[in-house]
Amino acid sequence: MAFTIVQRPLGPMKNFLYLVHDHASGRAAVVDPAWDAEAYLAVAAEHGAQISDILLTHSHSDHVNALGDLRSQCGVVTVHIS
């Protein structure tokens with residue numbers, strides 16, 4: 001089982017973009033989507049992954065403010081929150 005975790009700085013509050021890519025299935029999970037839905041889509045495309053899940057560690061606005069845009073652009077995704 002091979003996974004890649006991509007981490008990149010994103011947004012004005014020193015957040016990070018996280019993408020967890022499962023190589024076997026081609027699926028990816030986004031963690032706490034903030035600021036720029038297009039950035040998440042670009043990283044997924046760069047890795048040949050399709051976003052299928054969104055993981056929310058909490059609901060502060062700087063961790064969820066791209067959730068709506070990302071969901072509308074990805075189609076069917078499962079959202080998980082702790």
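The values are calculated or read from the model by the stated rules, or taken from the named source; none is laboratory data. Note that the coordinates shown come from a computational prediction; the quantities given were computed from them, not determined experimentally. Neighbour counts run over all protein chains shown; Cβ positions are idealised from the backbone, glycine included. Areas reflect the complete protein model, heavy atoms only, side chains present, ligands, DNA and RNA absent. Shrake-Rupley method; radii C 1.70, N 1.55, O 1.52, S 1.80 Å.
Things worth noting here:
- Value of [θ]222 nm, deg cm²/dmol, for the chain, DSSP H segments ≥ 4, -39500 (n - 2.57) each, nearest 500: -7000 deg cm²/dmol
- The chain - share of DSSP beta bridges that are antiparallel (%, nearest 5): 55 percent
- Residue-count net charge about Phe16 - beta-carbon cut-off 13 Å; Lys, Arg +1, Asp, Glu -1: -1
- Residues in segment 1-29 reached by a label modelled at Ser61 [backbone nitrogen below 20 Å; 7 Å Cα→Cβ]: 10-17
- The coefficient of translational diffusion for the chain, derived via Stokes-Einstein from the alpha carbon Kirkwood radius under 10 °C and 1.306 mPa s, stands at 128 µm²/s.
- Accessible surface of the chain, 1.4 Å probe: 56 percent of it comes from carbon and sulfur atoms.
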